[in-house]
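**Q** Provided herewith is a single structure, encoded as structure tokens, for subsequent inquiry.
Read the figures in this text as sums done on the coordinates, not as results from a lab. This structure is a prediction, so every number in the text was calculated from the model and none was measured. Cβ sites come from the backbone with ideal geometry, for glycine too, and all protein chains shown count toward neighbours.
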Amino acid sequence: MQRRLRTIILSTVVLGAWLAAGFALPDTVAAQEWEIVSEMPQARAGAAVVELDGQVWVIGGRGQRERASATVFRYDPLSNHWSGGDEIPQLKEARVNATAAVLGRKIFVIGGRSTQGEVLQTVEVFDPSRNEWIDFPDTKRQREGATAIILGSRLYLIGGSDQGERALETVEFFDVANDRWDEISEWKLDRPRVSSAAAVLDASVYIFGGFNTFGPVGQVQQYNSTSGSVQFSEMRVARGALAAVTMHRSIYVIGGRSKDRVLGTTEIFRPSDAGWTEAPSLNRPRHSFSAVRIDQSIYAFGGIGQDGVPLASVEKLGPISTATDPIALPPDLTLEPGFPNPFAQNTRFRYSVSSQTGRVRIDVLDVTGRNVRSLINDSQAPGTYEISWSGDNDAGAQVADGFYLIRMRQGPFSIIRKAVRVAR
């Protein structure tokens, strides 16, 4: 699978005196909680949501008084700013319960149900370079509540329901060579499913829950695209209209609707042993929503709450700081962002040593907080310095591609920058 680089948000985190008191960095990385961080310009349920270049696109769906919408909103998590209206073209056709994916820096919006109640086969593609929606070949079947995923360079469309509200078990992919959609005979769902959630890890697709004639589905189906094998495991709670997001080599399964209630629970599925771990619950239970990952956080957008009303709230699951009274940094203590970053062979950091404190230590940590490489551990005179890291660990071996934390400590103060190692 071709490695694609996402936009990386570089941020400085002030940890303060509590580090010196014995709190370890792994606690700040592993500890997580959901918080409400924003409100969408309009309440939305059944919207298609994707991430592109660090921005989140919320497409279509429905509000409290409409059956389907053509509106498109864009959210910048860094500035907490929403764009829409005249800035972003609307869909050509209003749709709810569509699905979406990003391929080749274009946004594909597929199927759904129209304002007139028709289940759609149409596909619209947004090209950011042209700032317009363009037509695309129709899918083979009408599909509402399907799930789109990207595996390698292929776009797949999984399950959903047709005009007769019959759940589907078929999987389609777009055949670039013939410019058409085809069904995959060797890969079908074990049972028809609509409003399931899917996530990709390595060469496998994991499909969680959904609904069929008998109600919520409580099964995970894994399809290995390399071997063609299919495996099954059980969910803790049967649910549909949920979300699933890959992070930290696990899959976060969020919210949804069970047989008798709307769920706010978050559970972490470990593909290595098909085990489950509980995670913090959403502040507001919701179903018929979408979630995406940005950096090391997950964002959940809209949906339908316990009262059956579409939601406008946006929740974020991210690391929480255990610092309750952080100390302001001395003005002459700095650690600048690395350059280049992302990097393949070498990245450099400029830093300034404060006159107020003593010994300086700069380390490279992985995202779990484990020390990978010690760069500086010495007393230095106040002033500005530069240090480089060539992507090696303390044993001299090259580290794997991915996120790393560059932590500078002087006395009770600490600054962290993020660095990203990419394929050479």
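**Q** Mean residue ellipticity at 222 nm from the helices of the chain, using -39,500 (n - 2.57) per DSSP H segment of n ≥ 4 over the full residue count, to the nearest 500 deg cm²/dmol?
**A** Value at 222 nm, helices only: -500 deg cm²/dmol.
**Q** In the neighborhood of L405, defined by Cβ-to-Cβ distances under 13 Å, what is the net charge if each Lys or Arg adds +1 and each Asp or Glu adds -1?
**A** With Lys, Arg at +1 and Asp, Glu at -1, the net is +4.
**Q** Assuming 0.36 nm per residue, please report the length gained on full extension of the stretch T277 to T226 beyond their Cα-Cα distance.
**A** Length difference between fully extended and current span is 15.6 nm.
**Q** Right, another one. By the scheme Lys and Arg +1, Asp and Glu -1, what is the net charge of all other residues having a beta-carbon under 15 Å from that of W181?
**A** Overall, the nearby charge balance is -4.
**Q** Now for a different question. Using 7 Å Cα-to-Cβ label points, what is the N377/E336 separation (nm, one decimal)?
**A** Once both label points are built, they end up 2.7 nm from each other.
**Q** At 0.36 nm per residue, and after removing the present C-alpha to C-alpha distance, how many nm does the segment from Q116 to S129 gain when stretched out fully?
**A** Contour length minus the Cα-Cα distance gives 1.5 nm.
**Q** Mind scanning K92/K188; K92/K259; K106/K140; K140/K316 and naming the pairs with a C-alpha gap bigger than 26 Å?
**A** K92/K188; K92/K259; K140/K316
**Q** Quote to one decimal, in nm, the extra length available between K140 and F403 on full extension: 0.36 nm per residue of separation minus the C-alpha distance between them.
**A** 90.7 nm is the gain from fully extending K140 to F403.
**Q** Any chance you could check the Cα centroid distance between the stretch 94-148 and the stretch 68-91 for me, in angstrom?
**A** Spelled out, the Cα-based centre of one part sits 17 Å from the other.
**Q** Still on this model: What ranking of M247, M40 emerges when the number of other C-beta atoms within 10 Å of each C-beta is taken as an exposure proxy, fewest first?
**A** Placing the least packed residue first, the sequence is M247, M40.
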